[in-house]
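Note sheet for the following structure.
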Amino acid sequence: TAGLVIAVDGPAASGKGSVAARLGAAYGLPVLDTGLLYRAVGVAAARAGADPDDAAAAAAVAGTLDLMALDDPALRTREAGELASRVAVHPGVRAALNAAQVDFARRPGGAVLDGRDIGTVIAPWAPAKLFVTARPEVRAERRWRQLTAQGEAVPLEDVLEDIRRRDARDGGRADAPLARAADAVLLDTSEMTIDLAADAARRIVEAAR
Ligand code: C5P
C-alpha cells in the first residue's frame with residue numbers, strides 16, 4: 001500500500017471521520033482530520049478575543065497556530081464546529097492551513113485525510129476519493145448523540161439547525177467550498193452502520209487504487 005493517498009470529503013457528521021479512521025487502520029496509513037485544524041483556529045481566535053468573522057484577525061491566528069495541539073477536547077464542542085466554519089470562509093485562514101495538509105498528503109508511505117476540500121484542493125491528485133454524505137436528519141441525530149455522550153446537553157432540533165447552517169456556509173463560500181470532486185465516489189451512509197460504511201469505503205478504495 002506504499003503511496004496510497006485517500007481523500008475523504010463530506011458534510012458534518014456524514015460519517016467521513018469514522019470512514020477515514022477505519023480506512024487508516026485497514027491500510028496502516030496515518031489519518032489527518034483536517035476539520036480539527038479549522039476548529040483549532042476558531043477556538044484560538046475566540047480565546048484571544050478575536051472576531052472569527054474578521055478575515056485579517058482570523059488569518060493572523062491561523063498563522064501562529066500550534067498544529068500539534070489537536071487533542072484538546074474543546075475542539076470537539078458544538079461551538080468549536082460553528083467557529084471553525086466561520087473562520088474557514090477566509091482565504092487567508094485556508095492558505096495558512098494548506099501547506100501542513102499538503103505535506104501530510106505527500107508523506108511517502110501514503111495517508112488518509114478527511115475534510116471538505118481534500119479531493120478538490122489539497123490532494124486533487126489522490127488516487128482514491130470518497131464523498132461521504134447522509135441525510136441532514138440522520139447527521140443531526142449522530143452529532144446529537146456524540147454531543148450528548150460528551151456531556152453537552154442540546155436539543156436535537158438545534159443540532160439540525162447547526163448542520164443546515166454549516167452545510168449552507170461550507171457549500172456557499174467562494175474559496176474551496178464543500179463540493180464533490182468529479183472523480184470522487186459518492187457514499188451515502190444514511191442507512192448504514194459504521195461497519196457497513198467502512199466495508200463500502202474499502203471496496204471503493206480497492207476499485208480506485
Ligand atoms: O469536519 P468538521 O465538522 O470538524 O469541520 C469543521 C468546519 O471546518 C467545517 O464546517 C468547515 O467549515 C471547516 N473545514 C473546512 N475544510 C476542511 C475541513 C473543515 O473548511 N478541509
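Laboratory data are not the source of any read-out in this text; all were calculated from the coordinates shown. Since we're looking at a predicted model, the values are computed, not measured. With ideal geometry, Cβ positions are generated from the backbone for all residues, glycine too; neighbour counts draw on all protein chains shown.
List of remarks:
- Between LEU70, LEU29, the distinction of being within 13 Å of the ligand (Cβ to nearest atom) and part of a loop (DSSP other than H, G, I, E, B) belongs to LEU70 only.
- Residue within segment 38-56 that is part of a strand (DSSP E or B) and within 11 Å of the ligand (Cβ to nearest atom) present: no
- A single member of ARG135, ARG169, ARG116 is under 11 Å from ALA13 (Cα atoms) and surrounded by 13 or more Cβ atoms within 10 Å (Cβ to Cβ), and it is ARG135.
- The number of residues in segment 183-197 that are surrounded by fewer than 19 Cβ atoms within 10 Å (Cβ to Cβ) and part of a helix (DSSP H, G or I) comes to 3.
- The listed residues are VAL154, VAL205, and the only one of them that is in contact (Cβ under 8 Å) with a residue 40 or more places away in the chain, more than 12 Å from the ligand (Cβ to nearest atom) and farther than 19 Å from VAL8 by Cβ turns out to be VAL154.
- If you go through segment 130-169 and keep only what is basic (Lys, Arg) and more than 20 Å from ALA88 (Cβ to Cβ), you end up with ARG135, ARG142, ARG145.
- Selection from segment 99-137 of residues that are polar (S, T, N, Q) and within 11 Å of the ligand (Cβ to nearest atom): GLN101, THR120
- With respect to the conditions (1) in a loop (DSSP other than H, G, I, E, B); (2) closer than 18 Å to PRO177 by Cα; (3) touching a residue at least 40 places away in the same chain (Cβ under 8 Å), PRO108 falls short on a single one, namely (2).
- Residues of segment 125-138 classified as assigned to a loop (DSSP other than H, G, I, E, B) and over 16 Å from the mean Cα position of the chain (by Cα), total: 4
- Every residue from segment 84-98 that is away from the ligand (no atom under 12 Å from the Cβ) and surrounded by fewer than 19 Cβ atoms within 10 Å (Cβ to Cβ): GLY92, ALA95
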